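Here the structure comes first, spelled out in structure tokens, and everything after it is commentary.
The values are calculated or read from the model by the stated rules, or taken from the named source; none is laboratory data. This is a predicted model, so every value here is computed, not measured. Because the Cβ atoms are built from the backbone with ideal geometry, glycine has one as well, and the counts that use them run over all protein chains shown.
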Amino acid sequence: MTGVRRITLDAWDSRYAELRAAGLCEPPYGGPLRRHAEAGDRRLQKLQLDNSAAALRLWNFLLTEEQRLHQARARGWRILGTLKDLGTIPVMAYALDQVVAFYPDGAWWLPCIMENQTGLLEIADALGVDESFCPVRAMLGAFANRAHFPIPDLLTCSVGATCDDVSAIAQRLAHLGHSILWWEVPHRRRPESGEEAVELPGGFQAPACQVAFVRAELERVRDALEVWTGQRLTDDRLRTGIRPANRVRALLRELRWLGYTADPCPLPALEMLVAEMLAIHFCSDQQESIGVLEELLDEVRARVAAGQGVFARGPSRADLPRGERFRCASGRDFADPRGEPLRFGGTGHRRRGPDSTGPARGRDRSAADHRCARTELADQAGGTGRNGGLRTKNLRRGWNPVGGACYNREGGVGEDR
């Protein structure tokens with residue numbers, strides 16, 4: 001195992017040659033990362049990337065999804081576009097033969113990774129969906145110019161307890177002639193006194209009537225998938241399909257545990273984010289996503305065992321400039337009354353400037369406050385308004401942002417482990 005570090009795309013050119021000379025075995029979608037930047041993914045030139053062969057495979061897997069979808073279309077496979085359910089319908093789809101599922105709303109990141117060279121946002125503007133909507137509006141442009149993913153044979157879209165912007169943009173797609181199977185996810189509420197309740201896999205309680213409603217909606221989706229494919233989607237077949245999905249999420253669970261608890265940190269946040277995205281729809285190849293995560297987890301385990309990491313040991317510091325302030329979701333204000341920069345270390349203490357070695361006076365930050373702070377910063381990074389508000393609310397309510405509400409405590413789907 002070579003020295004662990006983050007490197008630039010330029011440095012990856014020589015690193016790739018070094019790996020090849022050492023006998024690197026690559027999947028069919030493998031190759032140098034440079035080719036993605038040359039094809040338009042210009043943002044790669046400004047990122048610091050993990051230097052492992054496992055990270056190379058991860059990035060190549062992510063950045064070749066459109067190619068896999070076009071290959072599936074060429075083989076005659078059915079393509080299902082699933083909007084906004086965060087990991088539910090793809091599990092059902094991959095239980096069927098010769099079906100591939102993906103998230104067209106993932107097109108939100110194309111203007112980012114391609115640095116606004118796609119023209120997708122301008123197309124969305126022309127179609128009446130302007131910048132008052134979230135970046136998912138890039139999906140509308142991708143459907144219009146057909147220059148990215150193949151147009152799905154069937155679209156499903158969950159509404160209700162989901163992003164209003166996505167629902168509105170999906171309605172615009174429907175008005176443009178794309179047939180959509182709508183299904184509803186109600187806003188979960190606490191059971192009222194004396195009301196029949198059901199314990200969900202994640203440990204939460206929900207009214208039995210809501211659970212029955214969601215079951216009926218998923219039965220409706222199952223019926224539609226059976227008609228569309230001409231295949232029976234039995235309970236046994238669903239269980240068989242759930243197992244590889246839970247394998248992906250079990251791998252991710254351990255990867256996250258090591259990444260968030262080991263000292264020094266064995267994996268950069270960027271690669272962790274990419275890995276987490278695989279749990280939603282498996283990047284259009286469920287079995288290969290398992291292989292990608294297994295190799296990445298092996299790399300992280302080896303780094304932890306060797307005491308290697310991408311940063312120095314000890315808590316990372318997040319400095320706020322003098323006079324800056326932010327408020328977490330619980331309403332606590334983290335500006336320093338003396339106007340000094342604040343530092344939030346990994347020990348749970350609020351720290352002052354560079355000369356401070358102990359916690360500031362007053363109550364230490366709780367674990368809940370750390371979560372709130374991360375949520376607040378995530379909202380600042382992802383925008384404000386309806387989208388940011390929903391994201392904050394869902395995290396506070398215990399929503400798992402990877403895989404959605406179908407997760408149980410152990411990271412699995414439903415009861416079949």
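Here are some notes:
- Arg220, sole failed condition from (1) under 30 Å from Asp97 (Cα atoms); (2) surrounded by 15 or more Cβ atoms within 10 Å (Cβ to Cβ); (3) in contact (Cβ under 8 Å) with a residue 24 or more places away in the chain; (4) not polar (S, T, N, Q): (2)
- Complete set of residues in the stretch 21-34 that are of a type outside the set (A, V, I, L, M) and either surrounded by 12 or more Cβ atoms within 10 Å (Cβ to Cβ) or touching a residue at least 40 places away in the same chain (Cβ under 8 Å) (or both): Glu26, Pro27, Tyr29, Gly30, Gly31, Pro32, Arg34
- Test: residue in the stretch 79-91 that is of a type in the set (A, V, I, L, M) and on the phi > 0 side of the Ramachandran plot: yes
- One residue from Leu47, Leu58, Leu83, Leu24 being touching a Leu at 6+ places or on another chain (Cβ under 7 Å), farther than 30 Å from Asp153 by Cα and not small (Gly, Ala, Ser): Leu47
- Residue within the stretch 103-115 that is surrounded by fewer than 24 Cβ atoms within 10 Å (Cβ to Cβ), over 21 Å from the mean Cα position of the chain (by Cα) and of a type in the set (Asp, Glu) present: no
- Selected residue (criterion: surrounded by the most Cβ atoms within 10 Å (Cβ to Cβ)) from residues of the stretch 152-194 that are basic (Lys, Arg) and closer than 28 Å to Pro207 by Cβ: Arg188
- Glu254 vs. criteria within 20 Å of Thr156 (Cβ to Cβ) and either modelled with pLDDT of 95 or more or among the β-branched types (Val, Ile, Thr) (or both): no
- For the stretch 253-269, the count of residues that are closer than 27 Å to Trp183 by Cα and surrounded by fewer than 21 Cβ atoms within 10 Å (Cβ to Cβ) is zero.
- Filter result (in a helix (DSSP H, G or I) and within 22 Å of Asp223 (Cα to Cα)) within the stretch 161-191: Ala170, Ala174
- Extreme residue, modelled with the highest pLDDT, among residues of the stretch 270-288 that are surrounded by fewer than 22 Cβ atoms within 10 Å (Cβ to Cβ) and acidic (Asp, Glu): Glu288
- If you check Val166, Val136, Val185 for being without any contact (Cβ under 8 Å) to a residue 60 or more places away in the chain and closer than 15 Å to Leu86 by Cα, only one passes: Val136.
- Failed condition for Phe149, given (1) closer than 29 Å to Gln210 by Cα; (2) of a type outside the set (D, E, K, R); (3) surrounded by 22 or more Cβ atoms within 10 Å (Cβ to Cβ): (1)
- Enumerated helices (runs of 4 or more DSSP H) restricted to the stretch 59-154, each holding at least 1 residues that are under 21 Å from Gly241 (Cα atoms) and among the charged types (D, E, K, R): 65-75
- Of residues in the stretch 116-143 being out of contact with any Gly (no Cβ under 9 Å at 6 or more places or on another chain) and at positive phi, the one modelled with the highest pLDDT: Gly128
- Helices (runs of 4 or more DSSP H) lying entirely in the stretch 194-283 (those with 2 or more residues that are farther than 23 Å from Glu184 by Cβ): 235-261, 269-281
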